[in-house]
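Since the structure comes first, as structure tokens, the remarks are kept for the end.
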Amino acid sequence: SVTLVPGLTRLSLANHLQEEENRKIHTMIEIAALVLCKLGGKSGSADDIKAVLEAAGATADDDAVAKLVADMDGKELDTVLGEGMEKIKDVPIGGGGGGGGGADRINCWCFNGSS
């Protein structure tokens, strides 16, 4: 194993990056669970979020759920989503995709008269 920084090997760096990526994914999972709770008329408590995650077969990250619930304390989901949309309103999203290449001839039984 090659040492990039004292005490940090490629393997430990890869593990660290994977853990960071997993934290991002878990955060999105918890947010999605919160949205589902709210859509279902629930309060979005830590227990509600954990129940949604467990019903979906995911493992709840207690720290991430607690942080999300604390961040949302006293806030309405609609307001938070609206503020987020306002922040990204000028960000170019998507775009016109190129059209598919035209075919000189479509070779399909439904167009060439065979059955």
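Modelled this way, with points 7 Å down the Cα-to-C-beta line, the labels at residue 54 and residue 66 are 1.7 nm from one another. Each peptide among 53-61, 27-35, 71-79 gets the average number of other Cβ atoms lying within 10 Å of its residues, and from highest to lowest they stand as 27-35, 53-61, 71-79. With kT/(6 pi eta Rh) evaluated at 4 °C and eta = 1.567 mPa s, and Rh the Kirkwood radius from Cα pairs, region 12-79 diffuses with a coefficient of 104 µm²/s according to Stokes-Einstein. Here residue 67 is the anchor, and the aspartates and glutamates within straight C-alpha reach of less than 20 Å, apart from those fewer than 8 places off in the same chain, are 19, 20, 21, 30, 47, 48, 54, 76, 78, 83.
Computed from the coordinates by the stated procedures, all read-outs in this text should not be read as laboratory data. From a predicted model like this one, the values you see are computed outputs, not experimental measurements. Cβ sites come from the backbone with ideal geometry, for glycine too, and all protein chains shown count toward neighbours.
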